[in-house]
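Trainee: Below: one structure in structure tokens.
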Amino acid sequence: MHEDGSEARFSWQDLGADRRDRPLENAENLTVVGLPEFDEAAERPKAAHRPDPVAHQDARPLRRSRDRIRWFAEFLETAEVNPGGDVIRETRGDGSAVFLPQVTVGGTTDFALLRRGANLLKKVSEYDRVTLVLGSCLFSARSVHAHLENGSRLDAPILDVQPDPRHVIHEIRSDPRLNLYEIQMGTLLAGMTAALVSVLPTAIPVDVVIQVPRVQYYLHLFPWYAQGTLTRQALEQWMGLVDERHELLCSVFKTHLRRYLAANEVHTSPTISASDFLSVLMPLIESKTNHGGTLDPVEAVDHLAGMDPLWRPVARSKKPLSLRDVANTSYAVEYLHLGTAQQAGEKRLLISVEDLSEHKIFTSAADLARKADLDYHSCGFYPMERVITPWNGRLMSAYYRDPGHVLLDQNGIRYTPEEIVGAAYPEAGDLHPGRPPR
């Protein structure tokens with residue numbers, strides 16, 4: 001909301017939210033994104049959830065938000081980072097609030113959460129190297145379908161449920177097309193990363209690292225395999241789907257980054273690379289799958305600690321409870337690699353440019369660095385998605401509410417995820433061709 005109470009962003013009506021959606025008959029996974037749940041009894045849509053306004057008279061969150069943006073501009077030594085006049089207050093599930101100020105970086109404006117590391121130097125020019133990390137999850141919570149031996153389909157998000165001895169998965173399928181969440185992440189994060197690169201001092205070497213999971217996602221389904229509720233064929237099928245999605249998303253991020261960097265007229269080209277950080281676990285994974293064994297989380301961490309000293313504090317201080325913990329911890333350990341000096345006297349800075357929900361990686365990495373007494377330097381910039389889904393009174397990422405591939409369908413009008421993202425991110429140009437949703 002603006003300080004005067006007017007809308008800060010596009011309304012759902014801009015996407016046709018005032019029209020009732022009628023998905024195509026006999027089509028699978030066709031729902032609506034960004035629209036309120038339809039109230040059949042009242043024959044009209046319920047009111048869509050809006051970001052909570054921050055009252056103009058409550059100046060403290062506004063002031064703190066703007067002060068942090070001004071600090072960020074001074075830290076980056078640029079006049080091209082500026083606060084806007086708006087702030088969004090998003091309420092978390094536990095009732096606490098997160099304040100997202102509007103910020104302009106170069107020519108890109110979004111609402112964003114800023115995180116500041118504990119031991120940053122005063123100016124970015126004091127660092128010998130800067131690394132920006134961006135990335136996304138694979139698929140979406142409901143876009144992967146597990147087919148059971150009894151012929152039924154497991155409709156619950158497969159990555160979020162625990163193995164059930166009554167359900168033996170013999171096949172896993174996923175739509176090969178990118179979904180709204182993946183398309184939007186490539187656009188949003190590449191655009192903001194390029195904008196940040198464009199305002200950095202040109203004398204500093206800059207790396208951009210794309211952090212898209214691969215082996216981490218293998219680990220998510222190993223508990224099923226270990227308990228005999230996932231066949232080896234299905235596990236190998238899952239790993240193949242993950243490999244394909246990893247390569248596709250890395251390619252999308254690289255393409256978007258190069259286009260945005262060119263559009264921002266960045267004069268110093270950063271190195272761009274894709275991470276495959278947990279690939280060192282592959283020999284152990286292959287040994288376990290080839291011999292029908294199970295992968296124990298403690299064994300996995302001990303294996304990693306034997307090859308990488310940054311995993312040793314993890315092995316000493318906190319044994320993981322699950323393979324999912326190993327996967328999640330790996331993102332934080334990679335942050336340590338990118339934000340810690342590689343040689344004596346060197347100063348490195350990591351800037352995380354991730355989805356808003358991933359700011360917990362920032363905190364985890366800082367905690368690990370403190371326990372290991374590392375000279376680790378980082379800050380985080382977490383832009384808010386422009387296309388979001390209202391659900392249970394909260395603003396949810398499209399990752400959790402997969403909209404399928406027909407977003408609106410009324411009187412023959414159909415919009416694809418590419419068209420919706422293209423309308424929400426006009427600066428993307430022809431990255432997402434198609435008519436705007438009006």
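The values are calculated or read from the model by the stated rules, or taken from the named source; none is laboratory data. All figures in this text were calculated on a predicted structure; none of them were measured in a lab. FYI the Cβ positions are ideal-geometry reconstructions off the backbone, even for glycines, and counts take in every protein chain you see. For accessibility, only protein heavy atoms count, side chains too; no ligands or nucleic acids. Shrake-Rupley method; radii C 1.70, N 1.55, O 1.52, S 1.80 Å.
Trainee: Which one of the conditions (1) open to solvent by 50 Å² or more (accessible area, probe 1.4 Å); (2) modelled with pLDDT of 85 or more does Cys137 fail to meet, given that it meets all the rest?
Mentor: In the conditions (1) open to solvent by 50 Å² or more (accessible area, probe 1.4 Å); (2) modelled with pLDDT of 85 or more, Cys137 misses (1) alone.
Trainee: If I filter segment 106-134 down to residues being of a type in the set (A, V, I, L, M, F, W, C) and part of a loop (DSSP other than H, G, I, E, B), which single residue comes out as most open to solvent (accessible area, probe 1.4 Å)?
Mentor: Applying the filter and picking the extreme gives Ala118.
Trainee: Still on this structure, I have one more. Scan segment 106-120 and report the pairs whose first residue is closer than 16 Å to Asn82 by Cα and whose second residue is open to solvent by 60 Å² or more (accessible area, probe 1.4 Å) and assigned to a loop (DSSP other than H, G, I, E, B), with Cβ atoms within less than 9 Å and a gap of 6+ or a chain change.
Mentor: Here the result reads Gly106/Glu80; Gly107/Glu80, each pair linking segment 106-120 to a residue that is open to solvent by 60 Å² or more (accessible area, probe 1.4 Å) and assigned to a loop (DSSP other than H, G, I, E, B).
Trainee: State which residue is modelled with the lowest pLDDT when the search covers only segment 244-296 and only residues that are of a type in the set (Asp, Glu) and more than 18 Å from the chain's Cα centre (by Cα).
Mentor: Ranking the qualifying residues of segment 244-296, first place goes to Glu265.
Condition check ((1) under 23 Å from Arg64 (Cα atoms); (2) touching a helix residue (DSSP H, G or I) at 6+ places or on another chain (Cβ under 8 Å)) across all residues:
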| site | (1), (2) |
| --- | --- |
| Pro101 | yes, yes |
| Thr104 | yes, no |
| Thr109 | yes, no |
| Lys122 | yes, yes |
| Val144 | no, yes |
| Ile172 | no, yes |
| Asp175 | no, no |
| Thr187 | no, yes |
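Trainee: Also, I was wondering about something else. Can you spot a residue in segment 387-394 that is out of contact with any Ser or Thr (no Cβ under 8 Å at 6 or more places or on another chain), in a loop (DSSP other than H, G, I, E, B), within 30 Å of Tyr127 (Cα to Cα) and at pLDDT 65 or above?
Mentor: no
Trainee: Hey, Glu346 hits all of (1) over 20 Å from Arg214 (Cα atoms); (2) open to solvent by less than 20 Å² (accessible area, probe 1.4 Å); (3) charged (D, E, K, R) but one; which does it fall short on?
Mentor: (2)
Trainee: Within the set of pairs 6 or more residues apart or between chains, which connect a residue that is free of Cβ contacts under 8 Å to residues at least 40 places away in the same chain inside segment 328-353 to a residue that is assigned to a strand (DSSP E or B) and open to solvent by 40 Å² or more (accessible area, probe 1.4 Å) with Cβ atoms less than 8 Å apart?
Mentor: Close Cβ pairs (under 8 Å, with a partner that is assigned to a strand (DSSP E or B) and open to solvent by 40 Å² or more (accessible area, probe 1.4 Å)) amount to Thr340/Arg348; Ala341/Arg348; Gln342/Arg348.
Trainee: Being in contact with an Asp or Glu (Cβ under 6 Å, 6 or more places away or on another chain), surrounded by fewer than 18 Cβ atoms within 10 Å (Cβ to Cβ) and not small (Gly, Ala, Ser), is that true of even one residue in segment 225-233?
Mentor: no
Trainee: Go over the candidates Pro201, Pro205 one by one and state the one that is touching a residue at least 12 places away in the same chain (Cβ under 8 Å) and in contact with a Lys or Arg (Cβ under 6 Å, 6 or more places away or on another chain).
Mentor: None of the other options fit; the residue is Pro205.
Trainee: Just checking, how many residues over segment 368-387 are out of contact with any helix residue (DSSP H, G or I) (no Cβ under 6 Å at 6 or more places or on another chain), surrounded by fewer than 24 Cβ atoms within 10 Å (Cβ to Cβ) and more than 18 Å from Asp308 (Cα to Cα)?
Mentor: Residues meeting the conditions: 1.
Trainee: Would you check if there is a residue in segment 287-298 being within 23 Å of Val209 (Cβ to Cβ), open to solvent by 20 Å² or more (accessible area, probe 1.4 Å) and among the small types (Gly, Ala, Ser)?
Mentor: The answer is no, given that none of the residues of segment 287-298 is within 23 Å of Val209 (Cβ to Cβ), open to solvent by 20 Å² or more (accessible area, probe 1.4 Å) and among the small types (Gly, Ala, Ser).
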